[in-house]
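Here it is, the structure in full.
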Amino acid sequence: MTLYHYTDQNGFMGIFINQELWATKIQYLNDEKEYALALTLAKEHLEDLIEEAKTHQERALITKLNYYIDIIPNIKNMNICVSSLTENGDLLSQWRGYSRTLGGYSIGFNEFAFEPFITLQGFELAQCVYENNAQKELVKSMIDQVIDEFNSEPEPGYKMETYYESGNEFLDRLAKIAPLLKDSSFAEECEWRVIATVNFEDLEFRAGNSMLTPFYKVNLDSVDFSRLIDEIIVGHTPHPELAISATEAFVLKHFPPLDKDDYQCPIKVKQSNIPFRNW
């Protein structure tokens, strides 16, 4: 499968020159409520479990479940960074959102080459979930597994504050699910995400529209970068032939052939099928 990353011209050049993807801290994405869906579903399932535990008078379990609910807001302190890809490399809404009106790019990464490299760095590549029942089941299954795995965990005892070690595991797993749950209205995007949980000292910052935006650089420079990419789609432009020619020349500059007389671009470059419009 080919997974596409949309970007503008500056982003395209940066990806090739620096051989890296930028993963933005999830709270700073365009939809500020994106990660909140998983948190809401987690709270709802925990509340259901509490009601069930009350009928069996399971006091210890009720205390632990309430603790999980109390620490859900702490997820905001975790640096969960994501980079977006999609199964659809030529989608109008994506061109509008990411290519800054004209001259954007859709870079098609080969999933089977890309995923192992991402995994080796400790990151995840996963498909977004749009269907509500599937979202609920994903969150429910995660919580039930944590409870089962830590079933014999001792109670905190007499401390000033209640603390369960399993709470850290609960938050870590919830943090990995949160970036994958999206509203069904975005289903046409068929989005996949690179997910990285990073330390504060590893964050970078760039200028945003209204504030500084934290992000993380996902390194791609330890592989034959050109082999990660199946194709490049040039977005809407009034001069498609010139745009394709310039893109091929740019790729050749950074990945020159061993045979100096071979000027064939090592990556397929083609034009978007969407007619040019000056939106």
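The values are calculated or read from the model by the stated rules, or taken from the named source; none is laboratory data. Keep in mind that this is a model prediction, so the values were computed, not measured. Every residue, glycine as well, gets a Cβ built from its backbone with ideal geometry; the counts of neighbours run over all protein chains shown. Heavy atoms of the whole protein, side chains included, go into the accessibility calculation; ligands, DNA and RNA do not. Shrake-Rupley method; radii C 1.70, N 1.55, O 1.52, S 1.80 Å.
Got at least one residue in region 198-206 being farther than 21 Å from Met78 by Cβ and charged (D, E, K, R)?
No, region 198-206 contains no residue that is farther than 21 Å from Met78 by Cβ and charged (D, E, K, R).
Continuing with the same structure: Within region 190-231, track down each residue that is in a helix (DSSP H, G or I), of a type in the set (A, V, I, L, M, F, W, C) and either closer than 16 Å to Leu85 by Cα or out of contact with any Phe, Trp or Tyr (no Cβ under 9 Å at 6 or more places or on another chain) (or both).
If the condition is that a residue be in a helix (DSSP H, G or I), of a type in the set (A, V, I, L, M, F, W, C) and either closer than 16 Å to Leu85 by Cα or out of contact with any Phe, Trp or Tyr (no Cβ under 9 Å at 6 or more places or on another chain) (or both), then Phe200, Leu228 are the ones that fit.
Note down all Cβ pairs under 6 Å where the first residue falls in region 238-252 and is over 13 Å from Cys265 (Cβ atoms), the second is modelled with pLDDT of 95 or more and in a helix (DSSP H, G or I), and they're at least six residues apart or on different chains.
Once the first residue is over 13 Å from Cys265 (Cβ atoms) and sits in region 238-252, no partner that is modelled with pLDDT of 95 or more and in a helix (DSSP H, G or I) comes close enough.
Can you tell me which residue within region 115-137, out of those that are under 14 Å from Ile195 (Cβ atoms) and not in a loop (DSSP other than H, G, I, E, B), is least open to solvent (accessible area, probe 1.4 Å)?
Within region 115-137, the first condition is being under 14 Å from Ile195 (Cβ atoms), and the residues that meet it are 115, 118-119, 121-129.
Checking which are not in a loop (DSSP other than H, G, I, E, B) leaves us with 115, 118-119, 124-127, 129.
Working: Glu115: 64, Ile118: 0, Thr119: 78, Glu124: 72, Leu125: 16, Ala126: 20, Gln127: 96, Val129: 35 Å².
In this case the residue turns out to be Ile118.
Another question about this same structure. Looking at region 239-273, which of the residues that are touching a Leu at 6+ places or on another chain (Cβ under 8 Å) and modelled with pLDDT of 85 or more is surrounded by the most Cβ atoms within 10 Å (Cβ to Cβ)?
Residues of region 239-273 touching a Leu at 6+ places or on another chain (Cβ under 8 Å): 263, 265-266.
Next, from what is left, pick out any that are modelled with pLDDT of 85 or more: 265-266.
Values: Cys265: 18, Pro266: 16.
Only one residue fits best here, namely Cys265.
Okay, next question. Across region 79-111, what is the number of residues that are over 21 Å from Ala187 (Cα atoms), surrounded by fewer than 18 Cβ atoms within 10 Å (Cβ to Cβ) and modelled with pLDDT of 90 or more?
Adding up the residues that qualify gives 1.
Would region 165-172 turn up any residue that is touching a helix residue (DSSP H, G or I) at 6+ places or on another chain (Cβ under 9 Å), in a strand (DSSP E or B) and buried (at least 19 other Cβ atoms within 10 Å of the Cβ)?
So far as region 165-172 goes, no, none of its residues is touching a helix residue (DSSP H, G or I) at 6+ places or on another chain (Cβ under 9 Å), in a strand (DSSP E or B) and buried (at least 19 other Cβ atoms within 10 Å of the Cβ).
To continue, here is another question. Examine region 7-26 for a residue that is in contact with a Pro (Cβ under 7 Å, 6 or more places away or on another chain) and within 25 Å of Ile107 (Cα to Cα), and state whether such a residue exists.
yes
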